[in-house]
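First up is the structure itself, then whatever we jot down about it.
The values are calculated or read from the model by the stated rules, or taken from the named source; none is laboratory data. Bear in mind that the values here come from a model prediction, so they are computed numbers and not experimental data. A quick note on method: Cβ atoms are made from the backbone with ideal geometry, for glycine too, and the neighbour counts reach across all protein chains shown.
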Amino acid sequence: MINSLRNKIARGLEWYFSKSASPYWIILLLDSILVVFAGTIGYYLVYGGHMVAANFWEMLGIYCTLLPCYLLGFRVFHTYASILRYSSYMDLLQVVASLTLGGLGAWTIHKVLVFFPHTFNVKGVTIVIQFIVSCCLCVGLRLLLKVLFDSFSYTHTRKRVFIYGIHEGGESLAQSILRDKKKEYALVGFVTDDDSYAGHRMMGVNVYRNDAELLPTMLELNVDTLFVSPLKNKELHDKSDLFLDMVRNGIRVMVRPLDLLWDGKTPLDGKQLHEVEVEDLLAREPIEIDMDAVNRMLKGKCIMITGAAGSIGFELAKQVASFRPSRMLLVDQAETPLHDVRRYMADKYSYLNVMTVVTSITNEGRMEQLFDEGRPDYVFHAAAYKHVPMMEDNPSEAVQNNVYGTRVIADLAVKYGTRKFVMISTDKAVNPTNVMGCSKRICEIYCQSFNGALQSLHEGGGQDAGQYPVLFQKDGAPGVTQFVTTRFGNVLGSNGSVIPIFKRQIAEGGPVTVTHPDIIRYFMLISEACRLVLEAGVMGHGGEIFIFDMGEPVRIADMAQKMIDLSGAKDVKIKYTGLRDGEKLYEEVLNNKETTRPTPHPKIKVSAVREYPFGQALKDERELYELSFSYDDMAIVKKMKEIVPEYKSNSSKYEVLDGGLAS
């Protein structure tokens, strides 16, 4: 029995002082010394200093006898395993818990040995005092080391940080700074727009008002980084000049990516932030959609997305995938970008049945095979040639891909019983001034007239409604597809948009090329545009052209200057090159002959456009498609202008056709 006990003690001592335990034993030794010292204080307070001097060694022996009780508590709660300078609230609670266990053990031993006064001649109150003082000393040591380390260690390498926002987002960011073991940042202050909080202190630092004195104050305090709470993203747009001034003065402004919505609960840290970009300064209030309704529409359904390798199509695929459809058919003719989509979906959504198909939407045989085998419940049609100057030079391709491709997909959707066909259009379809915009307007006309013909067929046939085979499903039943069109402007960061071009030009030292000093455009984040597409898909009953609230238009020259400022580049100039063929200064979201009506979503309106008979729309499309193979640019565009009378060319060789038509 005695030998077994000796062996256990020996193994314990061997572990405590082993290389693997170091520096655990140092922390254990410090805590043990503090516990014995606390006992000495208790003895002093009860018996006085003269008794401590007279019975010092006897007293020391008593508290060393009680020490194993506390060692047991340290062992149970592993208080020696933490790094003192990084002590958290949980670590401090564990220290108190270990001392409580040790104190109870010491009290028990005292009660037993009190019957042997010659071996344990102390009062019980000294045990209580020892426990209280031990807690104060052990916890105090950890807090002192933490404060000293936070105040003096590595201050020359730590970035001094202000946090914009004092509520959940700002507090979460501040907690991450205080918890960070690498101590990359030092919290210096908070910034608020609320006067009732300005001038107070929070988490040990001052709270400053967001006013004209903020930047000078930050410079005076040598602040080099501003963390922006996700709850303050809207202020990036409203007060962009302030943040630009910070960047110009060498202060890094760090924000959470706008397409990563914060749930208000998940912990935040600096690694989730990036340096502010022009997209962040163009942000508006987050767009919310009815997630439950979208989930009911998409969950367990087969979804087809055309143009899936493009910016809009890819984002749509990611958002649709989150609703767990039964199958996804992702179609695009661009092999390499679609391969990237394939790899992404396999990595992020391996549990879904995703089929990536390399083909053109004009390949009617291949597309029919996909519809026949997949029977998609919903089709999101995002495939189109979109670059204005390219389509000005290639109107035949605009017709064959955009117009005919849309007709192929629309016809197959009806034939194979697709529930809803959602077409992605553009603001360039309103009063078009270029071939691309006009081609999209012709697509809108076809889809809307198709929907009207189907409704007429279901209401009793209408005039000649039943004479068109495309209105019927493969089994002969009337078509059930609802056609919905969504119309919005430019999306930030999309393939071929001005922002990537400007970034490249700035990196190369300039100049940044802008076509005209007064040109303006509407912009929207890709993620929010796609959320609105899904919402429109839910609320649409067929025949609507939904208009998205694009916010205020952006002057392209101003955006270019902001990008130059944010980059920190010097001597980068803006060069004006003149409007390109088919380009106009101001994009419109509605035809001036159209009106809108509201929807349940404040960011979505319905355009009341002119309706066209399906027979005429179908005839026009067929004639235009046949004419496209003549590759006679003037003849093709002349026909497009006949179909869309409001199409007036701008800065284009086709302007002569407008004069001819007018006469």
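Annotation note: Cβ proximity below 8 Å between a residue of region 32-58 that is in a helix (DSSP H, G or I) and a residue that is of a type in the set (Lys, Arg) (sequence gap 6+ or interchain) occurs for VAL46/LYS123.
Considering region 80-182, the qualifying helices (runs of 4 or more DSSP H), each wholly inside and each with 3 or more residues that are under 30 Å from ILE251 (Cα atoms), at pLDDT 70 or above and in the same structural domain as MET254 (by TED's automatic domain parsing), run over 168-179. All told, VAL223 falls short of being assigned to a strand (DSSP E or B) and touching a residue at least 24 places away in the same chain (Cβ under 8 Å).
Scoring MET390 on the criteria (1) closer than 29 Å to SER630 by Cβ; (2) surrounded by fewer than 23 Cβ atoms within 10 Å (Cβ to Cβ); (3) modelled with pLDDT of 95 or more leaves a single failure, condition (3). Could you list all residues from region 361-377 that are in contact (Cβ under 8 Å) with a residue 12 or more places away in the chain and either charged (D, E, K, R) or touching a Gly at 6+ places or on another chain (Cβ under 7 Å) (or both)? Matches in region 361-377: ILE361, THR362, GLU364, GLU368, ASP372, ARG375, ASP377.
The rows are residues; the columns are (1) in a strand (DSSP E or B); (2) closer than 30 Å to VAL408 by Cβ; (3) in the same structural domain as ILE424 (by TED's automatic domain parsing); (4) within 29 Å of the chain's Cα centre (by Cα).
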| site | (1), (2), (3), (4) |
| --- | --- |
| ASP475 | no, yes, yes, no |
| THR485 | yes, yes, yes, yes |
| PHE502 | no, no, yes, yes |
| GLN505 | no, no, yes, yes |
| GLY509 | no, no, yes, no |
| THR513 | yes, no, yes, no |
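For region 617-655, the candidate set comprises residues that are among the polar types (S, T, N, Q) and farther than 19 Å from ALA429 by Cα; within that set, the residue that is surrounded by the fewest Cβ atoms within 10 Å (Cβ to Cβ) is SER630.
Taken over region 418-440, the residue count meeting the criterion of being surrounded by 24 or more Cβ atoms within 10 Å (Cβ to Cβ) and part of a helix (DSSP H, G or I) is 8.
Taking the condition touching a Leu at 6+ places or on another chain (Cβ under 8 Å), buried (at least 19 other Cβ atoms within 10 Å of the Cβ), in a helix (DSSP H, G or I) and aromatic (Phe, Trp, Tyr), does PHE380 pass? Taking the combined requirement at face value, the residue does not satisfy it. When residues in region 609-644 are screened for being among the charged types (D, E, K, R), part of a loop (DSSP other than H, G, I, E, B) and either closer than 20 Å to GLY405 by Cα or without any contact (Cβ under 8 Å) to a residue 12 or more places away in the chain (or both), 1 of them pass.
Taken over region 385-396, the criterion of being in contact (Cβ under 8 Å) with a residue 60 or more places away in the chain, more than 10 Å from SER439 (Cα to Cα) and part of a helix (DSSP H, G or I) is satisfied by VAL388, PRO389, GLU392, ASP393, SER396.
Scanning region 612-663 for residues that are touching an Asp or Glu at 6+ places or on another chain (Cβ under 7 Å) and of a type in the set (Val, Ile, Thr) gives a single hit, ILE643. The set of residues in region 501-521 that are at pLDDT below 80 and either closer than 22 Å to ALA383 by Cβ or crowded, with 22+ Cβ neighbours inside 10 Å (or both) is empty. Quick one: would you say GLU552 is surrounded by 23 or more Cβ atoms within 10 Å (Cβ to Cβ) and either of a type in the set (A, V, I, L, M, F, W, C) or out of contact with any Leu (no Cβ under 8 Å at 6 or more places or on another chain) (or both)? Criteria not met by GLU552.
Just so you know, in region 444-473 the residues that are in a loop (DSSP other than H, G, I, E, B) and under 14 Å from GLN616 (Cα atoms) include one that is modelled with the highest pLDDT, and it is TYR468. For region 567-582, state whether one or more residues are in contact with a Leu (Cβ under 9 Å, 6 or more places away or on another chain), assigned by TED's automatic domain parsing to the domain that holds PHE380, surrounded by 16 or more Cβ atoms within 10 Å (Cβ to Cβ) and modelled with pLDDT of 85 or more. No, there is no match, as no residue in region 567-582 is in contact with a Leu (Cβ under 9 Å, 6 or more places away or on another chain), assigned by TED's automatic domain parsing to the domain that holds PHE380, surrounded by 16 or more Cβ atoms within 10 Å (Cβ to Cβ) and modelled with pLDDT of 85 or more.
Among the conditions (1) surrounded by fewer than 19 Cβ atoms within 10 Å (Cβ to Cβ); (2) over 31 Å from the mean Cα position of the chain (by Cα); (3) at pLDDT 75 or above, ASP193 misses just one, which is (2).
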